[in-house]
Amino acid sequence: MKSFFVVATLAAAALAQRLHIAEPTAGQNLPTGQFFTAELRMDNTLSSMSQKSVLVAVTACYDVCDQPDQWGPGTVLYNGLFNPQYNVSAPQKSLYQDFRVQLPEGWPTGESVLAVAHQFTVGASEIPVFDYTTVHFNVTD
Ligand SMILES: *[C@@H]1O[C@H](CO)[C@@H](O)[C@H](O)[C@H]1NC(C)=O
């Protein structure tokens, strides 16, 4: 019980520091088939946090954007290491990493969802923690 409490406290502290999608912004227009930047930020991290990986995927949600349980399977644009860094030229961004990814050719126009699954660990014993963040954007011709 005591160790569960420690884990829950660490996880709650870590989740207060969850990942944010800084780009694309909500409602941003992105042309189908084009490269764009997905900028993922951590406002702050605990010294006991160790970043592991992110998976970035897009899903065209057609007319069910507000009903995640009806979304079809997403298309994975990036799946790999996450290593956010400070940039002395852009200190307001805190820790961040830019991923240059491509919306597939012929991607349906209209609303799509960018989803980021994020895995990290907390504590000396490297307890695995996961968070999931989405942003809705608009695909244009
Ligand atoms: C740091 O930020 C500046 C200004 O936004 C940018 O031009 C530069 O490419 C960034 N450096 C890295 C390593 O991302």
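The values are calculated or read from the model by the stated rules, or taken from the named source; none is laboratory data. On a predicted model such as this, the values are computed, not experimentally measured, just so you know. So basically every Cβ, Gly included, is an ideal-geometry build from the backbone, and we count neighbours across all protein chains shown.
For this structure, a couple of remarks:
- Considering the conditions (1) at pLDDT below 95; (2) among the aliphatic types (A, V, I, L, M); (3) closer than 30 Å to ASP141 by Cα; (4) in contact with a Leu (Cβ under 6 Å, 6 or more places away or on another chain), LEU40 is excluded by exactly one of them, (1).
- Residues (surrounded by 15 or more Cβ atoms within 10 Å (Cβ to Cβ) and small (Gly, Ala, Ser)) located in the stretch 117-141: ALA117, GLY123
- Residues of the stretch 70-89 classified as surrounded by 10 or more Cβ atoms within 10 Å (Cβ to Cβ), in a loop (DSSP other than H, G, I, E, B) and hydrophobic (A, V, I, L, M, F, W, C), total: 2
- The condition (being more than 17 Å from THR134 (Cβ to Cβ), touching a strand residue (DSSP E or B) at 6+ places or on another chain (Cβ under 6 Å), at pLDDT below 95 and away from the ligand (no atom under 16 Å from the Cβ)) is satisfied by just one residue among SER3, SER50: SER50.
- Failed criterion for GLN92 (all others in (1) crowded, with 17+ Cβ neighbours inside 10 Å; (2) within 16 Å of the ligand (Cβ to nearest atom); (3) over 16 Å from the mean Cα position of the chain (by Cα) hold): (1)
- Pairs are defined by a Cβ separation below 9 Å, a sequence spacing of at least 6 or placement on different chains, a first member in the stretch 80-97 that is more than 17 Å from GLN17 (Cα to Cα), and a second member that is near the ligand (Cβ under 9 Å from one of its atoms) and of a type outside the set (Ser, Thr, Tyr); the pairs so defined are ASN87/LYS93.
- Among residues of the stretch 95-116 being of a type in the set (S, T, N, Q) and more than 16 Å from the ligand (Cβ to nearest atom), the one that is surrounded by the fewest Cβ atoms within 10 Å (Cβ to Cβ) is GLN102.
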